Structure formats: C-alpha cells, structure tokens
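Enquirer: What follows is a single structure, and I will ask about it in a moment.
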Amino acid sequence: MLRLHSHPLSTFSRRVRIALLEKKIPHEIVEIDMAAKQHRSPEYLKLNPYGRVPTLEEDGFVLYESTAILEYLELTRPDEPLLPPDPRGRALAAMHVKLCDIQLARQTTTLIFPKRFLPKERWDEKAMAQAKAEIEKHLAILEGQLGGKQWMVGDRYGMVEVCYTPLVQFLDLMEIAPPPAVAAWVERMLSRESAVQTKPAG
Ligand SMILES: N[C@@H](CCC(=O)N[C@@H](CS)C(=O)NCC(=O)O)C(=O)O
C-alpha cells in the first residue's frame, strides 16, 4: 500500500493528496504532528533527512519532494493522466511546474508563513512586500499565457493545476487580486472536487 507522510495544513503535501484523489489511487495517509516536531524526530529523519513533508513510501521505496512524487505517481499509474501524451505538452507542463515553484511557491511561503503562524512583530515586512511584487509579476505573465484557455497545458486539468492549486488558495490571504483569466482559472482549480476535499481548515 502506498503511504503518504503528510500534514493537513501542508501546501506541498496537498499537491500529492490532490493527485492521489484525481488519479483514484488507494493510499494511506500518515499524519505527521509538526506542532510536536515529529518531522524532526530521528525516525522521520531516517525517511526524509530534510525533515519536510510530504514523503512517499511504497514497499520500502522512499521519495520526497512533491514534484518528484507527482512524477512517480504518473509514471507508475498512467491511468487518469495528469500529463499530456506528446513531448511538447509534457515539456510545457514541466516548465510551468518549475516556474510555479520558483516564481510562486517560494514567494508564497515568504508571505504566508508569517501571516499564518507568526505574530506581527516578527514579520519581515520588506521581504514580504518583495515577495508580493514578484507574485504579481508572475501572475501577469500567466495571464498572457492563459489567454482564453481553460487549463494551462492541453485541453484538460493536469499536473500544472495540481501544483498551483494549494498555492493559489492563499491569494486572498496574501491580498493579491489576480488578473481576470488567472482569476477564472483559480476558480476552476479551487472548485475541483479534489481541491474541496483537501482544503485546509481555517
Ligand atoms: N520542495 C518541497 C517543499 C516541502 C516543504 O517545504 N514542506 C513544508 C510543509 S508545507 C515542511 O515540511 N516544512 C518543515 C520544515 O521545513 O522544517 C516539496 O515540494 O515537497
């Protein structure tokens, strides 16, 4: 049985939980008690020496980094595909997934970690303003790439949306109003059943 070490509030774990639901893959969730620092425990560090979630385990095979896990799921369970069949479609999806991590995920963490978990006195307001500006610039680029399309690559929901969904969940909290095509895309992603089922509480 495939086992996912995860936390209900973890953005990156949510990517994998969404893919598991989309691809209808039977699995077991092992909830890591991050408040109790279980992710820093010797047992967990043996699985994932970086002490982060998600971590996937299957028959003694261990894998971390959400995008690597998503690729493994796609390669081992090609049904309910999240990637297009053609090389160009796949390459474009890989490009968008990478850009999601470097132009949005990093900046989102800078902005929302303090907003969710730290008192205001400990916020680094300068870094947060810089992160917000970078996200706004990225969303303006996505606006042009989306144009009138429903989904970013090909004509169906896929890996790009799986990676973006947990991050765009925080646009309101980050006080970022996306441009119209992105706003409609965000709405489509967040109303997906897999997104609704994995939405973090609060
Ligand atoms: N690049 C990693 C990021 C994973 C990550 O940062 N996970 C957070 C939770 S969303 C975590 O475990 N943080 C604990 C820590 O860094 O100590 C991925 O894509 O899986």
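The values are calculated or read from the model by the stated rules, or taken from the named source; none is laboratory data. What you see is a predicted model, and the numbers here were worked out from it, not measured in a lab. Glycine also receives a Cβ, built like all others from the backbone with ideal geometry; neighbour counts cover every protein chain displayed.
Enquirer: Step by step: first the residues of the range 105-120, then only those that are of a type in the set (A, V, I, L, M) and within 12 Å of the ligand (Cβ to nearest atom), then the one that is nearest to Pro200 (Cα to Cα). Which residue is that? Show your work before the answer.
Expert: If we filter the range 105-120 for residues that are of a type in the set (A, V, I, L, M), which is where we start, we get 105, 111-112, 118.
With the extra rule that they be within 12 Å of the ligand (Cβ to nearest atom), the set shrinks to 105, 112.
Values: Ala105: 17, Ile112: 14 Å.
Among those that are of a type in the set (A, V, I, L, M) and within 12 Å of the ligand (Cβ to nearest atom), it is Ile112.
Enquirer: State which residue is nearest to the ligand (Cβ to nearest atom) when the search covers only the range 77-96 and only residues that are part of a helix (DSSP H, G or I) and free of Cβ contacts under 8 Å to residues at least 40 places away in the same chain.
Expert: From the range 77-96, those part of a helix (DSSP H, G or I) are 87-96; that's our starting set.
Next, only the ones that are free of Cβ contacts under 8 Å to residues at least 40 places away in the same chain stay: 87-88, 90-91, 94-95.
Numbers: Pro87: 24, Arg88: 25, Arg90: 19, Ala91: 20, Ala94: 15, Met95: 17 Å.
Applying the filter and picking the extreme gives Ala94.
Enquirer: List every residue pair whose Cβ atoms lie under 9 Å apart, where the two residues are 6 or more positions apart in sequence or sit on different chains, the first residue falls within the range 48-76 and is touching a residue at least 24 places away in the same chain (Cβ under 8 Å) and under 12 Å from His5 (Cα atoms), and the second residue, located anywhere, is more than 13 Å from the ligand (Cβ to nearest atom) and polar (S, T, N, Q).
Expert: Once the first residue is touching a residue at least 24 places away in the same chain (Cβ under 8 Å) and under 12 Å from His5 (Cα atoms) and sits in the range 48-76, its partners that are more than 13 Å from the ligand (Cβ to nearest atom) and polar (S, T, N, Q) give Glu58/Thr76.
Enquirer: Only one of these is over 20 Å from the mean Cα position of the chain (by Cα) and surrounded by 13 or more Cβ atoms within 10 Å (Cβ to Cβ): Ala127, Ala131. Name it. Don't jump to the end; show me each part of the working.
Expert: Details: Ala131 fails: over 20 Å from the mean Cα position of the chain (by Cα).
Only one candidate qualifies: Ala127.
Enquirer: OK, next. Taking Gly51 and the conditions (1) in a helix (DSSP H, G or I); (2) near the ligand (Cβ under 8 Å from one of its atoms), which numbered condition does it fall short on, given that it satisfies the others?
Expert: Among (1) in a helix (DSSP H, G or I); (2) near the ligand (Cβ under 8 Å from one of its atoms), the lone unmet condition for Gly51 is (1).
Enquirer: Right, next: Could we say that Leu99 is in contact with a strand residue (DSSP E or B) (Cβ under 9 Å, 6 or more places away or on another chain) and within 16 Å of the ligand (Cβ to nearest atom) here?
Expert: On the way: in contact with a strand residue (DSSP E or B) (Cβ under 9 Å, 6 or more places away or on another chain): no; within 16 Å of the ligand (Cβ to nearest atom): yes.
Judged against the criteria, Leu99 is not a match.
Enquirer: Okay, next question. Sort through Leu70, Leu20, Leu56 and tell me the only one that's touching a strand residue (DSSP E or B) at 6+ places or on another chain (Cβ under 6 Å), outside the structural domain of Gln130 (by TED's automatic domain parsing), within 20 Å of Trp151 (Cα to Cα) and within 15 Å of the ligand (Cβ to nearest atom). Even if it seems obvious, please write down each step before you answer.
Expert: Numbers: Leu70 fails: touching a strand residue (DSSP E or B) at 6+ places or on another chain (Cβ under 6 Å); Leu56 fails: within 20 Å of Trp151 (Cα to Cα).
Just one listed residue meets the conditions, Leu20.
Enquirer: Tell me which of these Arg156 doesn't satisfy, since it passes every other one: (1) in a helix (DSSP H, G or I); (2) under 24 Å from Ala94 (Cα atoms); (3) charged (D, E, K, R).
Expert: (1) is the only condition that Arg156 fails.
Enquirer: For the range 169-188, enumerate the residues that are among the hydrophobic types (A, V, I, L, M, F, W, C) and over 19 Å from Thr109 (Cβ atoms).
Expert: Answer for the range 169-188, where residues must be among the hydrophobic types (A, V, I, L, M, F, W, C) and over 19 Å from Thr109 (Cβ atoms): Ala177, Ala181, Val182, Ala183, Ala184, Trp185.
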